[in-house]
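The values are calculated or read from the model by the stated rules, or taken from the named source; none is laboratory data. All figures in this text were calculated on a predicted structure; none of them were measured in a lab. In this analysis, Cβ positions are derived from the backbone assuming ideal geometry, glycine residues included, and neighbour counts consider all displayed protein chains. Accessible surface is based on the protein model in full, side chains and every heavy atom, while ligands, DNA and RNA are left aside. Shrake-Rupley method; radii C 1.70, N 1.55, O 1.52, S 1.80 Å.
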Amino acid sequence: MVSAMKRKASTAVTGVQKKRASEPATHSPEKDNCKILEAALKACKKIPGSVQHMLAGAVAVSLGITTEERHAYQNEFVAMIGDVLEGVAADKQQLVELAQKGVEEVISKREMLEGEVARQEAHVLQLQADLGGRKEAFGEASAVLTSAIAALKEAESKQLEGDQGLAEVAKLSEKLRQLKETVETDLAQDKSTIKEFQLVGEQLKFEPAMLEALPYFLAKAPADRGSFDVLAAQQLVADLSKHIAAHENELAEGDSARASWASAVQAAQASLDGAKAAKEGAKDARGEAAKAWAFGKAALAANKAEVKSCSPELKEAQHGLSVAQDDLAQFTENTLTAFRELKEAKPTGAAPGQAAAEEPSAPELDCHVAMEVAKEPVANAEEPLCPSIPSEAPEELAATLA
């Protein structure tokens, strides 16, 4: 039964709306103001969607009525709409104040950074001068170290060449001893041993006749050698003994040479160590100066970048302030002005307390339409609106808004 009544009411409202839509539209400031307020209430996020719908539907049947013709209930709706609009205006004013504060903070930040940049520029120049002195000292220490390295290399080269020469002499002397013992054995020598004798003979510059005879008499055992072979073997042993003695003398003289080479290397090494220490000290000082200079430059660059970034930041803050101010001005000029004009509207062409002559039945019709609209469910709302608006509804809504 209730559903049937709702359908009938909806059908009736729809019929009235269609009838009014078919009639010639008449433009009036009051209707424009009502539309402005309805749109503002529907866009208000401070109140639930169902309340938005109800208050927007009540604009025409409350504010659309002149002050002398309004009922007490209609005045309560006017008061509630006014409270909502004042709250929106307060929020927009707060946004303006916050935006203004943001602009002031950016300006203050930029001024502080500009002062810091000036101080850091002088500091960086001082650090650069100090770094130049440190670099010069490091260059001098490096030159001393280069000379010390060259002296050490020369001393070590002489020592190495001398040690290698003596090592070769000692190695050859030992080889000659082994070959001499081989010649004195009672065995015939194989081809590899004979080849080794030939190589040593060439190295020691044996007589060509000796080099030619080596393969013949060494391949025979001493018992099988002829008189010429014996003489050749004896000469080979004598040559080997002579070279062995010469090498022994050279090795004996090399001991004193080794001491001289080692002393020269030690002296060069000591000079090098001192030059290294001096260079390391100069390097550390230069490094610290370079770090300080780099840090100063980085801080200066960062502050300059921050100063530069203040321009778009300030521009953005100023734009935000302009948007907030424009939004507040537009809301004040349009919405609040519309509300004030409708709230204070007086009857035209009639004495106070009497209804206007034009369209006497329009307020009653609009009221019915608003009542039916208030009953309709809101899209995406959690609950539908109440099927009717009881006399105590304005007080409850006012309590909700408070």
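Across all directions, the shadow cast by the convex hull of the range 205-250 built on its C-alpha atoms averages 3.5 square nanometres. Computed from phi, the 3J(HN,Hα) profile of the range 201-206 under the Karplus parametrisation 6.51, -1.76, 1.60 (θ = phi - 60°) reads x, 5, 5, 8, 6, 5 Hz, with x in place of Gly and Pro.
The residues of the range 111-225 expose, per residue, 64 Å² of accessible area to a 1.4 Å probe. The residues neighbouring HIS319, those whose beta-carbon lies less than 12 Å from its own, together hold a net charge of -2 under the Lys/Arg +1, Asp/Glu -1 convention. Under 1.5 on a/c is rounded, so check that first for the range 87-216, then, if it is not, pick prolate when a/b is larger than b/c and oblate when it is not; a ≥ b ≥ c are the square roots of the alpha carbon gyration tensor eigenvalues. Verdict is prolate for the range 87-216. All other residues whose Cβ lies under 11 angstrom from that of GLU280 are scored, Lys and Arg at +1 and Asp and Glu at -1, for a net of +2. Atom-type composition of the exposed protein surface of the range 202-346 places 56 percent of the accessible area on carbon and sulfur (1.4 angstrom probe). Taking Lys and Arg as +1 and Asp and Glu as -1, the other residues whose beta-carbon sits under 9 Å from that of SER62 total 0.
Ligands, DNA and RNA left out, the accessible area of the range 44-111 computed with a 1.4 Å probe is 53% carbon and sulfur.
For the range 239-312, the solvent-accessible area of protein heavy atoms averages 58 Å² per residue (probe radius 1.4 Å; ligands and nucleic acids excluded). Note on the range 134-177: with neighbouring protein chains present and a 1.4 Å probe, carbon and sulfur make up 54 percent of its accessible heavy-atom surface. Computed from phi, the 3J(HN,Hα) profile of the range 251-267 under the Karplus parametrisation 6.51, -1.76, 1.60 (θ = phi - 60°) reads 5, 5, 5, x, 5, 5, 5, 4, 5, 5, 5, 5, 5, 5, 5, 4, 5 Hz, with x in place of Gly and Pro. Ranking HIS123, HIS243 by solvent-accessible area of protein heavy atoms (1.4 Å probe, all protein chains present), from largest to smallest, gives HIS123, HIS243.
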